[in-house]
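Accompanying notes for the structure given below.
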Amino acid sequence: MDENQFETKAIRDGYRSTQEQEHSEAIFLTSSFVFDSAEQAEKRFSKEDPGNIYSRFTNPTVEAFEKKLASLEGSQACVATSSGMAAIFATLMSLLKSGDHIVASRSMFGTTIVLLDSIVSKFNIEISYVNLGNIKDWQGSIKKNTKMFLLETPSNPLGEVVDIEKLSKVAKSSNILFAVDNAVLTPALQNPISLGADIVIHSATKYIDGQGRCLAGAVLGSEEVIDQVHSFVRTSGPSLSAFNAWVVLKGLETLRLRMNEHCNNALKLAVWLEHHSEVEKVHYLGLESHQSHELAKKQQSGFGGIVSFEVKGGKEKAFKVINSTEMVSITANLGDTKTTITHPASTTHSRLSDNEKQKVGINDSLIRVSVGLESVDDVIADINKGLSV
Ligand SMILES: *Cc1c(COP(=O)(O)O)cnc(C)c1O
């Protein structure tokens, strides 16, 4: 069904019903699968017969999610994981070895940086950090043993962007695997593989579920790459549960519709904030005032649901705005139907030193909103409670 549109693939791809002819996808809550005979068991284990053996290896509901997501990302293969962090860790541990070097963006999800600095580094894998948007920085950090580029674009919360196509050429010319964490935009708004990336990583916990119900992750790429990641996952254990696979599988069906509405609501909030006298600066890629607006327009089909803004009056005012909300949820999570609000400097980015915060542009006046699917007028009214004096 390759020729179908995204919306059709999101609904129709990935699942083959059982002999019961169920219309909605079945959840295969089983740890193991039985064989007709000892001969069949032998063939399954030798891979001559490709059927299921054990749900740490494969499971039909998990496979339906993997196939649907692969179809939407335009990638050959996909392996699902128990969370986004498991997806990142599996990617690194399966494709790198002791003595390798990776170049990573300084502006990544906080736990990804902790994973690199405190766990991956213990295995004699060297990490260099660069400024996301600066291609020369990436180029200049390449060493003989550089095996991977790792980044998120756009970054969260400020929406820095790198030209994926340009950077993929740099990676290719040095035989470097190029991995993009696409959780913030999803395949509904950005297809890194079509722009030249080798690997796409997801936290499906965010917009793919989109309703804050479970943790899930995925890694996508060529069969050759995904075979290695899958082998790591089935051997070390962070496989996705069938139940959670079903949740994110159903989430994919409405992904485009939800992402479009997240974008519409985010733009309305951003425009309103930009005209507010108590707001110093708004960071939203959909605004022409954002320095990466043109590049985002070129490589994304939407600007996403995350809006950040700096208030006049520092931390005290920022806390007042957050504490005065009555509907919007005070939580560090994002990508939910419910709008969430947080103060990055004291939560998601609190472990950074003042110097590091300055380098990535996180100051005490900054508030991040993950704009949900409520009426945006109600969201605006709620945020205005502590903003207007
Ligand atoms: C949340 C998030 C992760 C981690 O995903 P979990 O599902 O919470 O493990 C990784 N990358 C990005 C960009 C995220 O937003």
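Some points to look at:
- Breaking point among (1) buried (at least 20 other Cβ atoms within 10 Å of the Cβ); (2) more than 19 Å from Glu152 (Cα to Cα); (3) not β-branched (Val, Ile, Thr), for Leu72: (2)
- Reported count of residues in the stretch 307-321, each being surrounded by fewer than 17 Cβ atoms within 10 Å (Cβ to Cβ) and touching a Gly at 6+ places or on another chain (Cβ under 8 Å), is 1.
- Verdict on Val225 being surrounded by 23 or more Cβ atoms within 10 Å (Cβ to Cβ), outside the structural domain of Ser370 (by TED's automatic domain parsing) and either touching a strand residue (DSSP E or B) at 6+ places or on another chain (Cβ under 9 Å) or among the polar types (S, T, N, Q) (or both): no
- Evaluation of Ser107 against (1) more than 18 Å from Val200 (Cα to Cα); (2) at pLDDT below 95 (one fails), failing number: (1)
- Among the candidates Gly51, Gly74, residue that is within 23 Å of Val248 (Cβ to Cβ) and either at pLDDT 95 or above or of a type outside the set (A, V, I, L, M) (or both): Gly74
- Asn156 modelled with pLDDT under 95 and within 16 Å of the ligand (Cβ to nearest atom): yes
- Consider the stretch 177-213 and keep the residues that are away from the ligand (no atom under 16 Å from the Cβ), in contact (Cβ under 8 Å) with a residue 60 or more places away in the chain and not in a helix (DSSP H, G or I). The one that is surrounded by the fewest Cβ atoms within 10 Å (Cβ to Cβ) is Leu177.
- Scanning the stretch 345-385 for residues that are closer than 22 Å to Leu189 by Cβ, within 16 Å of the ligand (Cβ to nearest atom) and not β-branched (Val, Ile, Thr) yields Arg368, Ser370, Gly372.
- Any hit, the stretch 234-251, residues being hydroxyl-bearing (Ser, Thr, Tyr), in the same structural domain as Asn131 (by TED's automatic domain parsing) and assigned to a loop (DSSP other than H, G, I, E, B): yes
The values are calculated or read from the model by the stated rules, or taken from the named source; none is laboratory data. No experiment lies behind these values; they were computed from the predicted model shown. Quick reminder, even Gly has a Cβ in these numbers, built from the backbone with ideal geometry, and neighbours come from all protein chains shown.
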